[in-house]
Amino acid sequence: MLKRASLGLLGSMLVLASAQAVEIHNRESLPASNPFARASMLPYQLPPFDQIKDSDYAPAFAHGMAEQRAEILTIANHPAPPSFDNTLLAMERSGRLLDRVSLMFFNLSSSNTNAAMQKLEAQLAPQLAAHRDAILLDDKLFARVDALYRQRATLGLNPEQLRLVERYHTNFVRAGARLAPAQKDTLRTLNARIAAAQTAFEQRLLEANNQGALVIEDVRQLDGLAPGAIAAAAEAAKARGLTGKYVIALQNTTSQPTLTDLNDRGVRERLLAASMQRGLRDGATDERALITEIARLRAERARLLGYPNHAAYALEDSTAHDTAAVNAMLGKLAPPAVANARREAADLQQAIQAEGGKFQLGAADWAHYAEKVRQQRYAFDESQMRPYFEMQRVLEDGVFYAATRLYGVTFKRRTDLPMYHPDVQVYEVFNSDGSRLGLFLADYYARSSKRGGAWMNNFVDQSHLLGTLPVVVNNLNVPKPPAGQPTLLSFDEVNTAFHEFGHALHGLFSDVTYPMFSGTNVPRDFVEYPSQVNEMWATWPEVLTHYARHYQTGVPMPQTLVDKVLAAQKFNQGYATTEYLAAALLDQAWHQIGPAQVPAATQAEAFEHAALAKAGVAFGPVPPRYRSTYFAHIFGGGYAAGYYSYIWSEVLDADSVEWFKRHGGLTRANGDAFRSKLLSKGGSVDAMTLFRDFYGSDPDIQPLLERRGLAGASDT
Ligand SMILES: [Zn+2]
């Protein structure tokens, strides 16, 4: 996943916005004692984490908004006729202070928040939305952008400049620049309310995740867990003041990793229920009123902007273009995926009966019995693998090693730079010629101040215009072992590390002039493509044998185990595809409706059931990967009507994997081609044009169908 902390002010495809224009109440500059007052003097303009206090944020935001508003007013009222330089270039340069504080604040409000930051975040959401609207709904400013757009062919612009003109124009129009004054007022109100509700949703979810953690009194109920996992559960309990007990913290998804190993069926059912009930209980963590409000407000905004629903609005600016294309894709994949899942369920039911079980396979049993079947079929045992996936080795000898082989980049650990949390590791990244590329931060451990899931983000965006090199971070949620114990990853976590690093490379290799196009500023249904491609190296033999070494002996993972890992990769694809598609279809269901069709809060759960049934993916043993009330991708912001992006991008990913294989795999030539034709371009060129330049033709869906065990899907 990817989370933009930057306001990406005018580059964002989604508009957050609001009612009151921001007052320019304070024209004098921010006190010099505030660390945000000037660009950081640290290498790569890394934020001076050790100097920033919670109380520095609010004044920096207030001044940052005022400063940019003043800059924008100057541009809008410029006496000279609009030119590329006095309008667009000036806008790209504007808002430096706001950018500095936003990047810092929104990174940390995700990965290391506290009560003060949460309170400020809730206050800021509508203010920032209003700030954005004050710019995007400014008539004079839009008149200048529109004039430039109409003259663009005669302005003598280079391709990146031309694209900047076009993107600004599109963003203004999509943000409502052409609406009548009264409609603009309505839009501002809607934007402010949406921004506030999304923030409230995220904050409640963090609380729901923390409250939903399963507390176990008796260690015997943890039968089946590895000693390390039991120690981690004891540690988690201690951190919550429950010394002597055990706590299984909830991960974001419906299914929980611990379900695989827990032998006690009752505990499994309690854990899954805790997961699936998040946001559905009355009280302080109830998300139902918020999600229905968000869905309704988004639908109203879409109507106002001239679209039948929010999905139609959001998709227009994606590579998919419209709801019909997304529905066709999901509709084509769902029936064979569910059929696969049903076949897998029959196998699991047999495994239950084979050990004398008299019960019907339930969702809480799936992972547990899937693991048994996998062990029988492939003699593959997840717990045998963990000792070969020590976290530091995975990072340096796996993730970094693959990047070095492909792109020639090297990594040097920096321990001299201040960090926001002691668990974060910093590396300086260099090109093969020794030139500096950027900083990479690895923040891999879970903590209660961090939201769930895994994501990449930027602290500093690359831009030639601003003379900045990228500072990027990868966040994971790996349970931290007790002091002195090794961190041994699951294969899934290894894969996630490679995935997120694919986003990191997209940010690090960015080689663009304008901030709007930096790194991962590409359409939502394209951005997952480079990160998914990077997953291929996790199991690439030369890479795997390099990092998968026993943490005690250093002995490489035995080839028999490697072969099993590879053979087992297609296993359980019916489940994986179905749970994903169910979530993607839910996302579309919530966003392909008009305001009147949005259910009341009390009907949110019924709406969800009906949507899954209608899409043909209601299959009890395979619940959606996220239920509506904890679907942060779509109700927290970024991926609304865009969760389909993962499988949409996977078409490009599967094609590219075949391309790498055809061209000799892990080579500098291949890496350099991918980097120069695609990764380095960010959003400076149309996304599908980039893909075709790299791949040589239009995408082909067949490799994806084969990978997912869905080949022949169109015949079913
Ligand atoms: Zn991702």
Tally up the carbon and sulfur contribution to the accessible surface of the stretch 502-593 as a whole percent, 1.4 Å probe, everything protein left in place.
-> 53
Cα centroids of the stretch 258-294 and the stretch 495-543: how far apart, whole angstrom?
-> 32
Can you grab the distance from the C-alpha centre of the stretch 350-413 to the C-alpha centre of the stretch 69-122, Å, no decimals?
-> 43
Calculated FRET value between E542 and K614, using beta carbons and R₀ = 45 Å, to 0.05 | 0.45
Tell me, what ³J(HN,Hα) does each residue in the stretch 569-583 have, in order and in whole Hz, if you take phi through Karplus 6.51 cos²θ - 1.76 cosθ + 1.60 with θ = phi - 60° and put x for Gly and Pro?
-> 5, 7, 5, 6, 5, x, 4, 4, 5, 5, 5, 5, 4, 4, 5
Determine the calculated [θ] at 222 nm for the chain from helices alone, applying -39500 (n - 2.57) to every DSSP H run no shorter than 4 residues and normalising by the residue count; nearest 500 deg cm²/dmol.
-> -16000 deg cm²/dmol
Quick one: pull the percent of accessible area on the stretch 374-418 belonging to carbon and sulfur, 1.4 Å probe, ligands and nucleic acids left out.
-> 40
Relative contact order [Cα under 8 Å, 6+ residues apart], the chain, whole percent | 17
For the stretch 605-647 and the stretch 190-235, what is the separation of their C-alpha centers, rounded to whole Å?
-> 20
Simple spin-label estimate for S490/D85, 7 Å along Cα→Cβ, in nm, reads 5.7
Cα long-axis angle, helix 265-276 against the chain (0 to 90 degrees, to the nearest 10) | 10
Just flag the trypsin sites (Lys or Arg not before Pro) in the stretch 49-146 sitting in loop per DSSP whose Cβ has no more than 12 other Cβ atoms within 10 Å.
-> K53
Could you give the angle, 0 to 90 degrees to the nearest 10, between helix 288-304's Cα long axis and the longest principal axis of the Cα atoms of the chain?
-> 40
Taking the Cβ of I230 as the centre, find all other residues whose Cβ is under 15 Å away and add up their charges (Lys, Arg: +1; Asp, Glu: -1).
-> -1
Of all DSSP beta bridges having both residues in the chain, the percent classed as antiparallel (nearest 5) is 75
What figure in square angstrom, to the nearest 10, would you give for the accessible area of H464 with a 1.4 Å probe?
-> 110
Which part of the stretch 445-487 falls in the paramagnetic zone of R436, meaning amide N under 11 Å from the point 7 Å along Cα-to-beta-carbon?
-> 468-470
By how many degrees, between 0 and 90 and to the nearest 10, does the Cα long axis of helix 668-677 differ from the longest principal axis of the chain?
-> 40
Check cross-link reach from K184 to the lysines: straight Cα distance under 27 Å, and skip same-chain residues fewer than eight apart.
-> K140
Those trypsin sites (Lys or Arg not before Pro) from the stretch 299-377 that are DSSP loop and have at most 16 other Cβ neighbours within 10 Å turn out to be K358
Per-residue SASA entry for H421, accessible area with 1.4 Å probe, Å² rounded to 10 | 40
How about K53: which aspartates and glutamates have a C-alpha closer than 16 Å to its C-alpha, ignoring those fewer than 8 places off in the same chain?
-> E121
Filtered hits (lysines, Cα-Cα < 23 Å from K614, offset >= 8 within chain) -> K332
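The values are calculated or read from the model by the stated rules, or taken from the named source; none is laboratory data. Here the structure is a predicted model, which means the values were calculated and not measured. Cβ atoms come from the backbone with ideal geometry, glycine included; neighbour counts cover every protein chain shown. Surface accessibility is based on the protein's heavy atoms, side chains included, excluding ligands, DNA and RNA. Shrake-Rupley method; radii C 1.70, N 1.55, O 1.52, S 1.80 Å.
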